[in-house]
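What follows is a single structure, written as structure tokens, with notes after it.
The values are calculated or read from the model by the stated rules, or taken from the named source; none is laboratory data. Every value quoted in this text rests on a predicted model; they were computed, and no experiment measured them. Neighbour counts are summed over all protein chains in view; Cβ atoms, including those assigned to glycine, are modelled from backbone coordinates with ideal geometry.
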Amino acid sequence: MKQLKILTIEDPKEEKVLRALSTDVTLEELKTEKFQQFLDNLLHTALTSEEQVGAQAGGLSAPQVGVNKKVAYVLNYDTGEFELLMNIQIQNIGIKTNIDIEGCLSIPNIEKNVERYNKIKVKYMDKNGLMVKRRFNNINARVVQHENDHLEGILFIDKTVD
């Protein structure tokens with residue numbers, strides 16, 4: 001497994017990639033050895049992000065390593081394990097939101113307040129290509145929303161509330 005380079009907004013070329021829209025992962029693509037290797041490397045990069053950028057990942061999306069595909073690993077704060085979500089579709093549950101501080105591996109040394117929904121319903125494809133429907137609450141919901149924004153070319157600094 002290898003560590004992938006985490007792109008940052010400090011380089012204008014890298015910021016362009018970070019702000020691009022990502023495309024869905026197809027089942028054919030998912031089945032390839034090359035894509036499975038990419039998923040393994042992305043997870044490895046999330047797990048070892050501290051070595052590269054000095055911060056532990058709460059999640060890592062494919063655009064952050066230069067691949068504009070709808071792929072993200074999110075840390076489940078209840079289990080301490082990273083979970084793979086692809087082709088994410090989010091629906092908020094209710095209207096309750098909260099404001100909390102966020103940071104991002106691609107935006108070094110900046111933390112800002114962002115408003116997010118407390119509870120969300122998420123439909124996504126898992127590593128086996130199966131569609132999964134799940135609910136996420138609180139910090140886990142925040143992480144999923146943050147990573148999904150990456151897949152839409154949106155950075156948390158675009159959504160700050162002060």
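What number goes with the only condition from (1) surrounded by 14 or more Cβ atoms within 10 Å (Cβ to Cβ); (2) in a loop (DSSP other than H, G, I, E, B); (3) at pLDDT 95 or above; (4) not aromatic (F, W, Y) that L21 does not pass?
Here L21 meets the rest and fails (1).
Taking A57 and the conditions (1) part of a loop (DSSP other than H, G, I, E, B); (2) among the aliphatic types (A, V, I, L, M); (3) at pLDDT 95 or above; (4) closer than 30 Å to D162 by Cβ, which numbered condition does it fall short on, given that it satisfies the others?
All conditions pass for A57, except number (3).
Could you please find all residues in region 135-162 being outside any helix (DSSP H, G or I) and under 21 Å from K69 (Cα atoms)? Spell out how you get there, then give the answer.
Of region 135-162, the ones outside any helix (DSSP H, G or I) are 135-137, 152-155, 159-162.
Selection gives E152, G153, I154, L155.
Sort out which residues of region 86-101 are more than 14 Å from I120 (Cα to Cα) and out of contact with any Leu (no Cβ under 8 Å at 6 or more places or on another chain), and write them in order of number.
Residues of region 86-101 more than 14 Å from I120 (Cα to Cα): 86-87, 99-101.
Answer for region 86-101, where residues must be more than 14 Å from I120 (Cα to Cα) and out of contact with any Leu (no Cβ under 8 Å at 6 or more places or on another chain): N87, I99, D100, I101.
Out of R142, R134, I need the residue that is within 22 Å of L27 (Cβ to Cβ), at pLDDT 95 or above and either in contact with a Phe, Trp or Tyr (Cβ under 9 Å, 6 or more places away or on another chain) or among the polar types (S, T, N, Q) (or both). Which one?
Being within 22 Å of L27 (Cβ to Cβ), at pLDDT 95 or above and either in contact with a Phe, Trp or Tyr (Cβ under 9 Å, 6 or more places away or on another chain) or among the polar types (S, T, N, Q) (or both) holds for just one of R142, R134, which is R134.
Criterion first (among the aliphatic types (A, V, I, L, M) and closer than 16 Å to D158 by Cβ) does I9 satisfy it? Please lay out each step first, then the result.
On the way: among the aliphatic types (A, V, I, L, M): yes; closer than 16 Å to D158 by Cβ: yes.
Answer is yes for this residue.
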